[in-house]
Amino acid sequence: MASPQHDHTQLEAVVGDISSETLELAGNVIPRRFTVFMSHPGWPAPAELEITVTGDGPTPTGLKLGRHSAEVLPYTALHEQLGRTVGRSAMDSFLRWATAQAVSLHMANEFAAIRDTPAAVPLDEGREQIRRAMEEVWVAARPRKRRIITAGLLAEVAEVYRAAMTDGRPPTAAVGAHFTVAHSTAARWVREARQQGHLGAAQGPKPGEVQA
């Protein structure tokens, strides 16, 4: 089985700040969001990369240059920056490595929480469980190919969006949950659904659609 690792020259990366919200992948619990703290000699400052894990695999969803900075780079700039440093062909392995590291951190925290209880896991057994989980996630967390946007998909997006509006739920978030995709992907699909006539025009900054 392949080992979770990355060998991107001069890029230093450490995973931290994992979310309490999780999902299951390959029988292992994975944080849905986590941060990778990175530095590189070619960057003007260290960076924080946010990664979101969905049914489509791990995806970079935010990049801040300067640790604890409030300024998030646009999505296109994020990929351009990472592409120059990591290399586009190596992005897959980097995201899989980061996801495996997040699983390791999550499991270590879980084991620490029960350390002084009858459910405590022996140290060697805990290390082996973490090692095995990292290898399984490394294999399973390969980002999937981008889903093709079809008329049928956009019609379903519109249906889910309208149902959420009727129920008083955030509609774009409902689309993301229904298809198990990141919020940014759901928002892009909603825009596409409007442009293709499956949804009415937006009501200014508020969610919903203008009725004809």
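Counting the residues of region 37-57 that are modelled with pLDDT of 80 or more and farther than 13 Å from Ser19 by Cβ gives 7.
Contact list please: Cβ distance under 7 Å, first residue in region 92-112 and farther than 17 Å from Val36 by Cα, second residue outside any helix (DSSP H, G or I), pairs at least six apart or on different chains. Pairs that qualify, where the first residue is farther than 17 Å from Val36 by Cα and the partner is outside any helix (DSSP H, G or I), are Phe111/Val121. Taking Ile149 as meeting all but one of (1) surrounded by fewer than 16 Cβ atoms within 10 Å (Cβ to Cβ); (2) assigned to a helix (DSSP H, G or I), write down the number of the exception. Against the list (1) surrounded by fewer than 16 Cβ atoms within 10 Å (Cβ to Cβ); (2) assigned to a helix (DSSP H, G or I), Ile149 comes up short only on (2). Scoring Ala164 on the criteria (1) surrounded by 16 or more Cβ atoms within 10 Å (Cβ to Cβ); (2) assigned by TED's automatic domain parsing to the domain that holds Gly27; (3) free of Cβ contacts under 8 Å to residues at least 40 places away in the same chain leaves a single failure, condition (2).
Within region 14-56, being assigned to a loop (DSSP other than H, G, I, E, B), within 13 Å of the chain's Cα centre (by Cα) and among the aliphatic types (A, V, I, L, M) holds for one residue alone: Ile18.
The set of residues from region 14-52 being touching a helix residue (DSSP H, G or I) at 6+ places or on another chain (Cβ under 6 Å) and farther than 24 Å from Arg131 by Cα comprises just one member, His40. Checking each residue in region 89-123 for being outside any helix (DSSP H, G or I) and charged (D, E, K, R) picks out Arg115, Asp116. Which members of region 163-212 meet the condition of being touching a Ser or Thr at 6+ places or on another chain (Cβ under 9 Å), aliphatic (A, V, I, L, M) and not in a helix (DSSP H, G or I)? Scanning region 163-212 gives Val181, Ala182.
The values are calculated or read from the model by the stated rules, or taken from the named source; none is laboratory data. What you see is a predicted model; the values in this text were computed from it and never measured. Cβ: placed from backbone, ideal geometry, glycine included. Neighbour counts: every protein chain shown.
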